[in-house]
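Trainee: Structure incoming, see below.
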Amino acid sequence: MGRAYQNRKVSMAKTADAKTKVYSKYGREIYVVAKSGGVDPAGNLTLRGLIDRAKKDQVPSHVIDKALDKAKGAGGEDFAPARYEGFGPGGCMVIVDCLTDNPNRTFNDVRLCFTKTKAKIGTPGTVGHMFDHSAILAFKHDDEDAVLEALLNADVDITDMENDNGKLTVFTPHSDYFKAKQALLDLLGEIDFEADEIQFLPKGSTPISGDDVAMFEKFLDMLNDLDDVQNVYHDAEY
C-alpha cells in the first residue's frame, strides 16, 4: 500500500506536558466508547482495541481505570464526535477528529488553527472523499493464506493485505472492523495487535516544501494542543 499509515496521525508525545495531553485524550475516548458500548472489553471490541493501544502508548493504568469507572456511573459528561476538513499549509488535505462537549467552542478553536497558519477550513465533505476510512489490523503471523481464508469466510471486504517479514497488516472498510477483528480472534485466539484502529488513509499525497513545512508543523502543534482534538489525518509529504 505504501501509505505509511503510522505517519499520518498525531506524533507520539515526547514531553511530559504532551504526554499528559495524550493521557487526557485517551481517557476521554475510553470514557465515550465504554459509555456507548459497555465497559467490558470482552464484549466491546472497540474498547478492547483502544485499551490495548493506550497501554502501548504507555498510558498509566489508573487513567484507564478512572475512565472506565466514570463510564459505569449514571449521567456524566456528554461528549459528541465532531469532524472538520480543510486544506492545510501548502494545500495539503486535512481531517481533524474531535470529541467535544461544546461544539461551538471546538469549531472556533479548530478554525483558529487553520486561519493562523494560512490554512483554510472547509465544509463537511471538502476533502473526505480523498481519504479511505479504513480499519487497520496488524499482527505477527506467517500463514497469510489461512488469515485470508478466515476473513473471506467471515464475509470481510479486504481492501489490502501486506506481509512484511511475518507481520501481516489487514486493511478493510471501517464498517467491517468488528467482523475482521472477530474473525482473527476466532482463528488465532489472543493476538498482540501491533495496530488495531480505524483511520483515514489518504488516497494520494501532497508534497510540501520550504516555508510550508514549518507552517504545517506549527499547524499540527496547535491542533495537538487542543484538548478536544483526538486525531489529525493528512496527506502531506515532506
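Trainee: Which of the residues that make up the range 30-50 are under 13 Å from Glu77 (Cα atoms) and touching an Asp or Glu at 6+ places or on another chain (Cβ under 8 Å)?
Mentor: Correct list: Tyr31 only.
Trainee: Kindly establish whether Glu197 is in contact with a helix residue (DSSP H, G or I) (Cβ under 7 Å, 6 or more places away or on another chain), open to solvent by 20 Å² or more (accessible area, probe 1.4 Å) and outside any helix (DSSP H, G or I).
Mentor: Yes.
Trainee: On to the next question. Scanning the range 74-105 for residues that are within 15 Å of the chain's Cα centre (by Cα) and open to solvent by 80 Å² or more (accessible area, probe 1.4 Å), which turns out farthest from Ser24 (Cα to Cα)?
Mentor: Arg83
Quick grid of which residues meet (1) assigned to a strand (DSSP E or B); (2) closer than 30 Å to Gly86 by Cα:
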| residue | (1), (2) |
| --- | --- |
| Ser134 | yes, yes |
| Leu152 | no, no |
| Asp155 | no, no |
| Lys181 | no, no |
| Leu187 | no, no |
| Leu201 | yes, yes |
| Val213 | no, yes |
| Leu220 | no, yes |
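Trainee: Picking from Phe193, Phe219, Phe178, which residue would you name as being within 27 Å of Cys98 (Cα to Cα) and at pLDDT 95 or above?
Mentor: Phe219
Trainee: Another question, then. Of all residues in the range 109-166 being charged (D, E, K, R) and touching a residue at least 40 places away in the same chain (Cβ under 8 Å), which is most open to solvent (accessible area, probe 1.4 Å)?
Mentor: Lys118
Trainee: Another question, if that's okay. Being in contact with an Asp or Glu (Cβ under 8 Å, 6 or more places away or on another chain) and open to solvent by 20 Å² or more (accessible area, probe 1.4 Å) is the filter here; which residues of the range 201-228 pass it?
Mentor: Scanning the range 201-228 gives Lys203, Gly204, Ser205, Thr206, Pro207, Leu226.
The values are calculated or read from the model by the stated rules, or taken from the named source; none is laboratory data. The structure presented is a predicted model; accordingly, all values stated were derived computationally and were not measured. Counting neighbours? That spans all protein chains shown, and the Cβs are built from the backbone with ideal geometry, glycine included. These accessible areas exclude ligands, DNA and RNA; they are computed on the full protein's heavy atoms, side chains included. Shrake-Rupley method; radii C 1.70, N 1.55, O 1.52, S 1.80 Å.
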